[in-house]
Amino acid sequence: MYTIDKIEKKKKRAITLIKIFNILIFLIIVPILIYNITLIIKYIQNPNETPDFFGFKTYEIVSRSMENTINKNDIIVVKKVDKNEINENDIISFDNGNEIITHRIVEIENINGETLYTTKGDNNRFKDDEKISFEQIEGKYVFKLSKLGYLMNFLKNRYFLIILFIILIFCFIHIINVKKRIKNREEKRKMNKYC
């Protein structure tokens, strides 16, 4: 048998859980929405460039050329920097015309007044064939998020979106049911009070 105190405690606990759930959703979803909206707007403005978020760009590593420093399926963050901030031994991401590559600078040369960079993957035996110019550099390596690429690939999966949608529907239905139960208990408590 439920006493009024037990009902009140359950009600407070349910309200607290709903508030915590709402706060968590807000803290997780709002920053993700802001980040994605910013990237979408920047992509629409310049579709030929990788969009950045306050100068920072993210890339998923899809090869083993930089292991053990950066591993396949890591997500890296790079930042656009001035030419004078790029030195030998820095890790950079650059556009080779076909794809974005992340390698280490092993040599900087000044040829006919133009600064050119020779790069090499830490796990590769030979230097890259073509030298790159500063204009090709997308950014200088800042940090990595280990193995986050697995999660990103999962999130891109259309089945994940369906599963997420179903989970959100069940959570929404559960919250509505909890609110109804709380309301019904309050009404019963009020009726019992007057009887």
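The values are calculated or read from the model by the stated rules, or taken from the named source; none is laboratory data. The model shown is predicted, which means the values in this text are computed figures rather than measured ones. So basically every Cβ, Gly included, is an ideal-geometry build from the backbone, and we count neighbours across all protein chains shown.
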List the residue pairs whose Cβ atoms are under 6 Å apart, where the first residue sits in the range 68-80 and is among the polar types (S, T, N, Q), the second is surrounded by 15 or more Cβ atoms within 10 Å (Cβ to Cβ) and at pLDDT below 90, and the two are 6 or more positions apart or on different chains.
Asn73/Gly149
Being of a type outside the set (Ser, Thr, Tyr) and within 24 Å of the chain's Cα centre (by Cα), is that true of even one residue in the range 169-187?
yes
Any chance you could count how many residues in the range 126-156 are among the hydrophobic types (A, V, I, L, M, F, W, C), at pLDDT below 80 and surrounded by 12 or more Cβ atoms within 10 Å (Cβ to Cβ)?
3
At pLDDT 90 or above, of a type in the set (S, T, N, Q) and closer than 21 Å to Met152 by Cβ - does that describe any residue in the range 104-115?
no
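Quick grid of which residues meet (1) assigned to a strand (DSSP E or B); (2) out of contact with any strand residue (DSSP E or B) (no Cβ under 6 Å at 6 or more places or on another chain):
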residue	(1), (2)
Ile70	no, no
Val78	yes, no
Asn84	no, yes
Glu88	no, no
Ile92	yes, no
Gly97	no, yes
Thr102	yes, no
Asn110	yes, yes
Thr118	yes, no
Residue by residue through the range 1-16, note down the ones that are modelled with pLDDT of 80 or more and not charged (D, E, K, R).
Thr16
Could you check how many residues of the range 40-69 are within 19 Å of Glu99 (Cα to Cα) and of a type in the set (A, V, I, L, M, F, W, C)?
4
Mind listing whichever residues of the range 43-62 are in contact with a strand residue (DSSP E or B) (Cβ under 9 Å, 6 or more places away or on another chain), surrounded by fewer than 16 Cβ atoms within 10 Å (Cβ to Cβ) and of a type outside the set (A, V, I, L, M, F, W, C)?
Glu49, Gly55
